[in-house]
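The values are calculated or read from the model by the stated rules, or taken from the named source; none is laboratory data. As the structure is a computational prediction, the values presented were derived from the model and not from experiment. Backbone-built Cβ (ideal geometry, glycine too); neighbour counts: all protein chains shown.
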Amino acid sequence: MAGRLPSSGSISIGQINAHEGYSPTQTVSINDNLIRTFCGARANNSTISLGDARGNQVTVIGTLSRSNYASSVTMPSVSLSSYFDAGQYASGYPLYTTVNVDVPPTWWASINNPRNMTSTLGRSNSRTGGGTGGSKNFYSTQNYNGASTISGGGYYSGKSTGNRNGQVTLQYISLIKANPRGIGS
């Protein structure tokens, strides 16, 4: 279950586990990556308290950024500080994302089913994927600057067609796990 933990009241390890789809009775320590990420102190040598997790989230699902339709598109940049505290996305830890590729209904789109691109972005990485398959392809790109911003876009590549347009949408960001469904919202 994506979203923020309550911003007041007590927080338990079981509550954090259940919030991310794990068993609330699963045994974990306060040094577990999930717990440390929620608390905003990922380095093992830093002091944390479960209370630091109040109001935080580690997974965001929805339409987080969407390009227009064109043969070459740019997805508006997303600042991680819109969703997470700075201590949660410390450099050196992976960032998991899903970008959906969508092409308008055309004769080639119906036979080249668009795919999502689920990526693990580390520090200063770029990924390309999400090709629609066949001889006509619309790809997505994702870039993570290693500090605080995800950007990306998409482009058509392949045989000539009357409609080379496509759209890319960032639909999933997680600090702890790849999208289990491999798709966005």
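What do you reckon, is residue 157 at pLDDT below 85 and either in the same structural domain as residue 96 (by TED's automatic domain parsing) or in a loop (DSSP other than H, G, I, E, B) (or both)?
Yes.
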Within the stretch 48-61, of all residues that are surrounded by 13 or more Cβ atoms within 10 Å (Cβ to Cβ) and not in a loop (DSSP other than H, G, I, E, B), the one farthest from the chain's Cα centre (by Cα) is 50
Any residue at all in the stretch 74-82 that's of a type in the set (S, T, N, Q), buried (at least 20 other Cβ atoms within 10 Å of the Cβ) and out of contact with any Phe, Trp or Tyr (no Cβ under 9 Å at 6 or more places or on another chain)? no
Number of the condition not met by residue 68 [criteria: (1) exposed (fewer than 14 other Cβ atoms within 10 Å of the Cβ); (2) touching a Leu at 6+ places or on another chain (Cβ under 9 Å); (3) closer than 30 Å to residue 154 by Cα]: (2)
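In the stretch 7-39, which residues are under 19 Å from residue 178 (Cα atoms) and among the small types (Gly, Ala, Ser)? Show your work before the answer.
In the first step, residues of the stretch 7-39 are kept if they are under 19 Å from residue 178 (Cα atoms); the result is 16-23, 32-38.
The answer is 18, 21, 23.
Each row is one residue, and each column tells you yes or no for (1) assigned by TED's automatic domain parsing to the domain that holds residue 84; (2) surrounded by fewer than 17 Cβ atoms within 10 Å (Cβ to Cβ); (3) of a type in the set (Phe, Trp, Tyr); (4) more than 25 Å from residue 169 (Cβ to Cβ).
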{"site": "24", "(1), (2), (3), (4)": "no, yes, no, yes"}
{"site": "27", "(1), (2), (3), (4)": "no, yes, no, yes"}
{"site": "30", "(1), (2), (3), (4)": "no, yes, no, yes"}
{"site": "33", "(1), (2), (3), (4)": "no, yes, no, yes"}
{"site": "41", "(1), (2), (3), (4)": "no, no, no, yes"}
{"site": "46", "(1), (2), (3), (4)": "no, yes, no, yes"}
{"site": "63", "(1), (2), (3), (4)": "yes, yes, no, no"}
Sort out which residues of the stretch 70-95 are of a type in the set (A, V, I, L, M) and under 14 Å from the mean Cα position of the chain (by Cα), and write them in order of number. 75, 78, 80, 95
